[in-house]
């Protein structure tokens, strides 16, 4: 049972995380990641650097997904867009590499700091993520935020929901509308580098029933794996 919940903001806080850690990026990285895993992408690698993403994708013959300051980098196949991920061609069994300015960089900072287990989260996997860490005594929740340095209200609202789920007081009935009504949501709807359906997908609470655990492979690459059920209670 979780008795201590610590909250943090951005890459700097992620770099100091210990123990079970949840890194949240609702607009849009970890919503996109959930779509990719649901569509059968395997493996899904995360990187902090655009050039490293290109290197891994070349070595693995993978598709490149993500953004740099919101915009899809040159040579990337898809932007950091859940709507694009939903409508892309057959992804089952495809290797993909994802890079984002806030989410993937924050998660990688937590993994490199030695936090474990580390989960990527957003509203679409909120309950499954809470369930995955429910047997831990202490959990750190990091809101990746805007660019990994500034507060983003959608990440904080998602963190609030996961916190409430962990302590048994959650009422998710109004959170989708609250997230969709934020200034950040309106910016995404208007931004030329965002798909107009991204907000609606990102606000779809518990769209998926899996959590997304970060794991290191034998080459030191970080990948996301869909997991179901309560995680290992060993701290």
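Restricting attention to region 202-220, the residues being farther than 19 Å from residue 156 by Cβ and either within 14 Å of the chain's Cα centre (by Cα) or surrounded by 15 or more Cβ atoms within 10 Å (Cβ to Cβ) (or both) number 8. In the condition set (1) surrounded by 24 or more Cβ atoms within 10 Å (Cβ to Cβ); (2) touching a residue at least 40 places away in the same chain (Cβ under 8 Å); (3) touching a strand residue (DSSP E or B) at 6+ places or on another chain (Cβ under 6 Å), residue 66 is compliant with all but (2).
The residues in region 80-93 that are out of contact with any strand residue (DSSP E or B) (no Cβ under 7 Å at 6 or more places or on another chain) and touching a residue at least 60 places away in the same chain (Cβ under 8 Å) can be counted, and the count is 4. For region 119-150: of the residues being in a loop (DSSP other than H, G, I, E, B) and touching a helix residue (DSSP H, G or I) at 6+ places or on another chain (Cβ under 8 Å), which is nearest to residue 37 (Cα to Cα)? Of everything passing the filter in region 119-150, 122 is nearest to residue 37 (Cα to Cα). Among residues of region 19-58 being free of Cβ contacts under 8 Å to residues at least 60 places away in the same chain and crowded, with 21+ Cβ neighbours inside 10 Å, the one that is nearest to residue 224 (Cα to Cα) is 41. Per the conditions (1) surrounded by fewer than 24 Cβ atoms within 10 Å (Cβ to Cβ); (2) over 17 Å from residue 211 (Cα atoms), the sole criterion not satisfied by residue 80 is (1).
Taking first residues from region 204-219 that are more than 20 Å from residue 176 (Cα to Cα) and partners that are at pLDDT 95 or above and assigned to a loop (DSSP other than H, G, I, E, B), the Cβ contacts under 6 Å between residues at least 6 apart in sequence or on separate chains come to 213/117. For region 85-107, a residue qualifies if it is part of a helix (DSSP H, G or I) and in contact with a helix residue (DSSP H, G or I) (Cβ under 8 Å, 6 or more places away or on another chain), and the qualifying residues are 85, 86, 103, 104, 105, 106, 107.
The values are calculated or read from the model by the stated rules, or taken from the named source; none is laboratory data. Because the structure is a prediction, the values reported are computed rather than measured. Here Cβ is always computed from backbone atoms with ideal geometry, including for glycine, and neighbour counts include all displayed protein chains.
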